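Taken together, the values in this text are just the output of simple stated rules run on the coordinates, not laboratory data. Bear in mind that the values here come from a model prediction, so they are computed numbers and not experimental data. Cβ placement follows ideal geometry from the backbone for every residue including glycine, while neighbour counts extend to all protein chains displayed.
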Amino acid sequence: MQNINLETKELLNLIEKKDKMVAMLAPSFPVDFSYPEIVGMLKRLGFEYVVEVAAGATVTNKQLHALLKLYPNKRYITNPCPTINRLVKNKYPYIIPFLTPIDSPMIATAKIVAKKFPGYKKVFIGPCFAKKLEAKEDHPKLEILVLTYKEIAEAFQAKNVFLEEGDKSFSFDIIGTETRLYPISGCLAQSAGLTKKFTDLEYDVISGPKIIEKALQDFPYNLELKILDILYCEGGCINGPGVISKDSLDKRRERIIAYWDHKGGI
């Protein structure tokens, strides 16, 4: 295991010790894995429960609705992206008050899991390396272990877990159907109903490192803009650095939309 990173080694150690574990699968997973087969593979790997982080995204949306209702005259920058949060805090601290003070989908899901499956180790699996910092630095008390899709694939290989026909019989233990489009740029705004609540001039959707900094710099001065739905990776979380797929962004979007459209049946 000398070429395997620390988080993958930690997971493999948990498996060896037969610790009770819950996998929290980010909504971008269809880019790299098929449902329901991925659930079966994770359970054979050693997870007792597998939950959909899209369930936490519905909580994020509800918290955002409550915030907008409580403070209708305030202006906001959405916060699910840990890279954006760190960029703001480290480079543009004067923008911090605009960040929405609500749970990201990962954190909201971890809290759901803590209540429903107390005593279980929470393992988030997603496309983003920055989620490791969010877990360790921002929410250490939740004790979330974060692996990317590339890293969970390493764990599958290390434990000789490969796709089997029987994996098709599994399903998520907690689902979140309303927010399965969340990893696509702009789909927070869409799923939260911001596209209907605000005019085109009152909300904006931004993704990609080439344009995000100007959008952040301009936000405090563009008083007509009420809310900025922003993600660091171009196209959204479907383009995260922990993704395995080499497909085009269009193809990745198609896989997310197909999973959402067929209620998981792809």
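Counting other Cβ atoms within 10 Å, keep those with at most 16, restrict to DSSP loop, and tell me which GluC sites (Glu not before Pro) in the range 1-36 are left.
Values: sites: Glu7, Glu10, Glu16; in loops: none.
Within the range 1-36, no GluC sites (Glu not before Pro) qualify (loop, at most 16 other Cβ atoms within 10 Å).
Diffusion coefficient (Stokes-Einstein, Kirkwood radius over C-alpha pairs, 4 °C, 1.567 mPa s) for the range 103-225: 73 µm²/s, rounded to a whole number.
Provide His139, His262 in ascending order of the number of other Cβ atoms located within 10 Å of each residue's Cβ, fewest first. Spell out each step's value before the answer.
On the way: His139 16, His262 10.
Placing the least packed residue first, the sequence is His262, His139.
When the helix-only estimate is applied to the chain (DSSP H runs of n ≥ 4, each -39,500 (n - 2.57), divided by the residue count), what is the mean residue ellipticity at 222 nm, nearest 500 deg cm²/dmol? Each step should come with its number before you reach the end.
Numbers: 11 runs with 102 residues, N = 266.
Rounded to the nearest 500, the figure is -11000 deg cm²/dmol.
Under a Gaussian network description of the chain, with springs only between Cα atoms under 10 Å, the residue in Asp247, Asp229, Asp204 that fluctuates furthest is Asp247.
Between amide H atoms placed 1.01 Å from N, distances below 5 Å from Thr148 occur with Gly126, all of them 5 or more places distant or on a separate chain. Between rounded, prolate and oblate, where does the range 1-52 land on the alpha carbon gyration tensor, with a ≥ b ≥ c its root eigenvalues, rounded for a/c under 1.5, else prolate if a/b exceeds b/c? Taking the square roots of the gyration eigenvalues as a ≥ b ≥ c, the range 1-52 is oblate. Highest average first, the peptides 217-223, 18-24 ordered by how many other beta carbon atoms sit within 10 Å of their residues are 18-24, 217-223. With neighbour counts taken as other beta-carbon atoms within 10 Å, the residues Lys122, Lys136 rank, fewest first, as Lys136, Lys122. DSSP beta bridges confined to the range 6-261 are antiparallel in about 5 percent of cases. Residue exposure proxy: Thr78, Thr100, Thr195, Thr58, ordered by other Cβ atoms within 10 angstrom of their Cβ from fewest to most, comes out as Thr195, Thr100, Thr58, Thr78. Between Glu213 and Phe162, the FRET efficiency estimated from the beta carbon spacing at R0 = 41 angstrom works out to 0.45. Taking the average, over residues, of other Cβ atoms within 10 Å as the packing measure, peptides 210-216, 50-56 rank 50-56, 210-216 from highest down.
Straight-line reach from Lys196: taking Cα to Cα under 16 Å and skipping same-chain neighbours fewer than 8 places apart, the lysines in range are Lys62, Lys69, Lys226. Using C-alpha pairs below 8 Å separated by at least 6 residues, the relative contact order for the range 78-131 is 38 percent. Reported to the nearest whole Å, the Cα centre-to-centre distance from the range 126-160 to the range 172-215 is 23. Go ahead and collect, in residue order, the members of the range 136-157 whose backbone nitrogen is under 12 Å from a label point 7 Å along the Cα-Cβ direction of Ile4. Residues 151-157 qualify, since their backbone N sits under 12 Å from the label point. Restricting attention to the range 119-266, close to 10% of DSSP beta bridges with both partner residues there are antiparallel.
What pairs from Lys121/Lys141; Lys17/Lys116; Lys115/Lys159; Lys18/Lys122; Lys91/Lys150; Lys116/Lys168 go past 19 Å between their alpha carbons? Before the final figure, lay out each step's value.
Values: Lys121/Lys141 12 Å; Lys17/Lys116 22 Å; Lys115/Lys159 30 Å; Lys18/Lys122 14 Å; Lys91/Lys150 29 Å; Lys116/Lys168 25 Å.
Flagged as over cut-off: Lys17/Lys116; Lys115/Lys159; Lys91/Lys150; Lys116/Lys168.
Note: relative contact order over the chain, using C-alpha pairs below 8 Å and six or more positions apart, is 29 percent.
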